[in-house]
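First the structure, in the form of structure tokens, and then the observations on it.
The values are calculated or read from the model by the stated rules, or taken from the named source; none is laboratory data. What you see is a predicted model, and the numbers here were worked out from it, not measured in a lab. Cβ sites come from the backbone with ideal geometry, for glycine too, and all protein chains shown count toward neighbours.
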Amino acid sequence: MIHEGASDRPETLEALLRLIDYIDNAALLGHQLGDPVWSRHLELIQAEVLRTLGTIGVLEVPATGVPFDEVVHEAVDRVAATDGNEPFQVVQLIRRGFFHRGSLLRRAQVVTSYRGI
């Protein structure tokens, strides 16, 4: 049984974020290996973990396809903007970011687009 308030402890939240990171990495590997069954199972686990996090007030930072916002995004790489994306947009999510009850818990690590020459 989880005691009331246990989900608010920093160490509990950090452990839960590490869990979703591990699942995301495993899902990426499944896609890279071309195993649709493995990938689908991991996508279901991802969705359930994210839903469960939401029940304790942990919500994902919007990332891919949104304008870059240094408050909630950490740019870890950049690519030239193409016809398909505008400059200063998030084009790829590297690691999910999260809010906890409205406060930023962790910034999302992202790849952004820049205006090419």
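Exactly one of (1) in contact with a strand residue (DSSP E or B) (Cβ under 6 Å, 6 or more places away or on another chain); (2) modelled with pLDDT of 95 or more is unmet by Gly116. Its number?
Just one mismatch for Gly116, condition (2).
Counting only residues that are acidic (Asp, Glu) and in contact (Cβ under 8 Å) with a residue 12 or more places away in the chain, which one in the stretch 65-81 is nearest to Arg106 (Cα to Cα)?
Restricting attention to the stretch 65-81, the residues satisfying the condition of being acidic (Asp, Glu) are 69-70, 74, 77.
Right, trim to in contact (Cβ under 8 Å) with a residue 12 or more places away in the chain and you get 74, 77.
Values: Glu74: 10, Asp77: 18 Å.
Within the stretch 65-81, the match that is nearest to Arg106 (Cα to Cα) is Glu74.
Which residues, counting only those in the stretch 92-102, are small (Gly, Ala, Ser) and modelled with pLDDT of 95 or more?
Of everything in the stretch 92-102, just one residue is small (Gly, Ala, Ser) and modelled with pLDDT of 95 or more, namely Gly97.
So in the stretch 65-89, with the set limited to residues that are more than 15 Å from the chain's Cα centre (by Cα) and in a strand (DSSP E or B), which one is surrounded by the most Cβ atoms within 10 Å (Cβ to Cβ)?
Residue satisfying both the conditions and the ranking: Gln89.
So Val49 passes all but one of these: (1) hydrophobic (A, V, I, L, M, F, W, C); (2) within 21 Å of Pro10 (Cα to Cα); (3) in a strand (DSSP E or B). Which condition number does it fail?
(3)
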